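A short reminder: the numbers here are calculations on the coordinates, not readings from a lab. No experiment lies behind these values; they were computed from the predicted model shown. Here the Cβ is made from the backbone with ideal geometry for all residues, glycine too, and neighbour counts use every protein chain on show.
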Amino acid sequence: MDKLVIEGGVPLNGEVQISGAKNCALPLMAATLIANGTHSFGNVPHLRDIRTMQHLLAHMGASSGHHHVLQIDTSDVHTLEAPYDLVRTMRASVLVLGPLLARYRRARVSLPGGCAIGARPINLHLKALAQMGVDIDLEHGYVVGHARKLRGASITFDQVTVTGTENIMMAACLADGVTVLKNSAREPEVVALADYLNRMGARIEGAGTDEITVTGVCELTPSSCDVIPDRIEAGTYLVAAGITGGALKLKGCRPDHLQAVMQKLRDAGLSIESNGDLIEVCRRGRIRSVNMETYPFPGFPTDMQAQFMALMALGNGTSIIKERIFENRFMHVLELERMGADVNLDGRTAVVRGVKKLSGAPVMATDLRASASLVLGALAADGISEIARIYHLDRGYEAIEKKLSAVGARIERVKQ
Ligand code: EPU
């Protein structure tokens, strides 16, 4: 297992190219199962999760290459199953459920099980599919779904769910009649998926609002599109500039996807300007402690909570951080404390009292975004930090040590 060794205390300066979004690329890749032929996606990041999805598609008979332009050929799909070994390492594998049911009307997908950030059930996906006429059985740890025909339905999600909205939107594309999804997720990745499905011939309206209407059609045909920029990667580099007191230019961003994050970081004392797809960020004074709560889009994303906490660890007062999406997304707290952060946890609330400095320490990554917060803490800390188990980081941050060292960070990947 590789680890990262970081010598902190260097302000980062320069330009960073933002990659395509993992959480956009994964549903697009799953969506290829809906239409027979070759699909093509540009701006696909090189990440472990993308390779896992390629393995899953290959297991089903869909072949693909390994480039930033990814072509996926679904002409020979023969296995309608997502096995435990692949779903276990990447929950987004459940995104094949909707497309398989849409096109083949049957699927066998492993239940994902627990996860480092919370229980993360898929009950809302299954309830919606049942409303569309899918018979669902749970057998030997697998969801087995089949239907003679999927039919349109009026579905209200009890809770906003991103992959739930994506799965059901895909399932509805080839259903009989009209499906209305209420309390839908409004994330940009949902909009990007709807855009691609529409390019393939689907009839989806309202993506980006909390009510999405899908009118079923007979068939979709493969098309092509670009993956949208990764707003969480961009947000992480914004914090990197702020926490080290540096100045970065982030290229290839969608500032309109980052409004809540940029606003909160400005409140925390960062100066942020955007122009087209460029965001410039710097910090001159001390970091200001501000409160933050996570919400579904367009609110402050849970995927930026851990990184924001690293920044608040060095704030000038007390910051109260509430995690409203996942019940257990504070695994980074104990590790940040090993670097000298002062955090008190009470259920879903963290009280962060800013300290004057963090100090480098050996720490361990527990999930993707927790790992990012440890990298940020280490970049700002005095001395050397060693971050173990960085395979989590490799799931979602393309070439992170190359991008950081290009802007001045002293960071090295050590193979173990
Ligand atoms: N939930 C249920 N039942 C369901 C579905 C969700 O109770 O059937 C609950 C979850 O347990 C959670 C909340 O609803 O408490 C929201 O979960 P959601 O379904 O929106 O999460 P997800 O779709 O599994 C995606 C991202 C996550 C991101 C969340 C929230 C992908 C592939 N994953 O997960 O990304 O944190 O939305 O925005 O899009 C990451 O990239 O690090 C990551 C974890």
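Restricting to the stretch 154-180, count the residues that are more than 16 Å from the ligand (Cβ to nearest atom), surrounded by fewer than 19 Cβ atoms within 10 Å (Cβ to Cβ) and not small (Gly, Ala, Ser).
The qualifying residues number 3.
For the stretch 125-177, the set of residues classified as hydroxyl-bearing (Ser, Thr, Tyr) and under 12 Å from VAL214 (Cβ atoms) consists of SER154, THR165, listed by residue number. Here LEU101 meets the list (1) closer than 24 Å to LEU368 by Cβ; (2) within 16 Å of the ligand (Cβ to nearest atom) almost entirely, failing just condition (1). May I ask you to verify whether LEU278 is farther than 18 Å from PHE330 by Cα, surrounded by fewer than 20 Cβ atoms within 10 Å (Cβ to Cβ) and among the aliphatic types (A, V, I, L, M)? Criteria met by LEU278. In summary, VAL69 fulfils each of the numbered conditions (1) within 21 Å of GLY98 (Cα to Cα); (2) surrounded by fewer than 17 Cβ atoms within 10 Å (Cβ to Cβ); (3) hydrophobic (A, V, I, L, M, F, W, C) with the single exception of condition (1).
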